[in-house]
Amino acid sequence: MFTDKLQQGFNEHINAELYSAYLYLAMASFFDRKSLAGFANWLKIQAQEELAHAVKAYDFVHERGGEVAFGAIAAPEGQWDSPLQVFEAALAHEKEVSRRIEELVALAEVEKDRASRIFLDWFVTEQVEEEASFDALIQQLRLIENAPQALFMLDRELGQRTFQRPA
């Protein structure tokens, strides 16, 4: 059974994962409006991953006998000046999610909840991958900054991404 503090922390984490999905759908919509379907696809897949992360945490809370309490999800921003700005905002968001997960890990240690601590290791590892993925796209967008042909080639490449349910 969770302590009240840890249950609250997991509920906040679930809410943050749901917000991430909401944010990435807003970003996908930005790209759909710009007729960059590959970028939109990549971010829609990212949104699906975030929903899967929320469900993973949801299931864990219930497996531990806890109660999931949903909070309001804030409306994400929907306007950016460029594809680069979208991905820079996404990376900043992922870094914030990583920070929050680290706080939850620290709380699990303080509360001496080894099961939660071990479970959260998956999210820590996942965040390293998430940040690296966004950073790689940022580096590519910086390289092709003034080359629209390259932007369309990257768009085509990003359109090939498919959803892989997290383990």
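The values are calculated or read from the model by the stated rules, or taken from the named source; none is laboratory data. It should be emphasised that the depicted structure is a prediction, and the values quoted were computed from it without experimental measurement. With ideal geometry, Cβ positions are generated from the backbone for all residues, glycine too; neighbour counts draw on all protein chains shown. Surface accessibility is based on the protein's heavy atoms, side chains included, excluding ligands, DNA and RNA. Shrake-Rupley method; radii C 1.70, N 1.55, O 1.52, S 1.80 Å.
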Given a 1.4 Å probe, the accessible area of the chain per residue, as a whole number of Å², is 54 Å²
Relative to the chain, whose Cα atoms define the longest principal axis, helix 37-63 and its Cα axis are tilted in degrees, nearest 10, by 0 degrees
Let me know the volume per residue of the alpha-carbon convex hull for region 110-164, in Å³. 83 Å³
Across the chain, how many lysine pairs, 8 or more apart or on two chains, come within less than 29 Å at their alpha-carbon atoms? 10
Which peptide among 66-73, 85-92, 126-133, 9-16 comes first, and what is the full order, when sorted by highest mean count of other Cβ atoms within 10 Å? 9-16, 85-92, 126-133, 66-73
Among Gln8, Leu154, Pro76, whose Cα sits farthest toward the positive end of the charge dipole of the chain (+1 at Cβ of Lys/Arg, -1 at Cβ of Asp/Glu, about the Cα centre)? Leu154
What is the percent carbon and sulfur in the accessible area of region 1-150, measuring with a 1.4 Å probe over the protein chains and ignoring ligands? 53 percent
The chain - mean residue ellipticity at 222 nm from DSSP helices (-39,500 (n - 2.57) per run, n ≥ 4, rounded to 500): -27000 deg cm²/dmol
If the convex hull is drawn through the Cα atoms of the chain, its volume per residue in Å³: 97 Å³
Most packed first (mean Cβ within 10 Å per residue), the peptides 142-152, 52-62 order as 52-62, 142-152
